[in-house]
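Report on the following structure.
Any read-out appearing in this document is the output of simple, stated calculations on the displayed coordinates, not a laboratory observation. What you are looking at is a predicted structure, and each value in this text was computed from that prediction instead of being measured. Note that each Cβ is placed from the backbone with ideal geometry, even for glycine, and that neighbours are counted across all protein chains shown.
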Amino acid sequence: MKGGGAALIALLLAGGLAAAKAGPFGRAVHGWWGSHWHREGPFDPVEARQHAEYAASWVLRSVHATEDQQARVREIVGNLVDGIAPLAPAHQENRQAFLAELSNPTVDRAGLERIRQSELDLAASASTQLVNALADISEVLTPEQRGELLEAVERFHH
């Protein structure tokens, strides 16, 4: 498998999540991490897990994953969503705090820096969980299946 393949597999799975409208911080996905998340009602972690598992199965059918492989990957993806979902309230709190800081008569640079650092911590936690899930998924799939996913992602991006 070519270098960067795991990142492209992650992109493909993330694309499946976006297509299923199951981003971890809102139901309709319009961007990443910041204020581009558009919410259509309260976040439902059960619904997000179901959508993510469905998206994973949909992607895996393209590489003829066995039922066992699909079940194992659905579990990994579901656990990833369960692990990332608790970050949503802190992200929303940071967003509100950031807006509040910017609306003050005097800008508190130290306060903005604390919020920025908190967002970086959330991103690092999500990223660590994602990389671990990708490693787990990579162990479930064959090298040939991972290569097929990489090729599909490359075609999708061109």
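To the nearest 0.05, how large is the calculated FRET efficiency for residue 93 and residue 156 if R₀ is 30 Å and r is the Cβ-Cβ distance?
0.30
Among 84, 115, which comes first, second and so on when ranked by fewest other beta-carbon atoms within 10 Å?
115, 84
Rounded to the nearest 0.05, what FRET efficiency is calculated for residue 114 and residue 62 with R0 set to 41 Å and r the Cβ-Cβ distance?
Efficiency for this residue pair is about 0.40.
Could you give the nm distance between label points at residue 75 and residue 50, where each point is 7 Å from its Cα heading toward the beta carbon?
2.2
Which of 148, 154 has the fewest other C-beta atoms within 10 Å, and how do the rest follow up to the most?
Ascending number of Cβ neighbours within 10 Å: 154, 148.
Per residue of region 108-123, in order, report the coupling 6.51 cos²θ - 1.76 cosθ + 1.60 (Karplus, θ = phi - 60°) as ³J(HN,Hα) in whole Hz, putting x for Gly and Pro.
Values per residue, Gly and Pro as x: 9, 4, 5, x, 4, 5, 4, 5, 4, 5, 4, 5, 4, 4, 4, 4 Hz.
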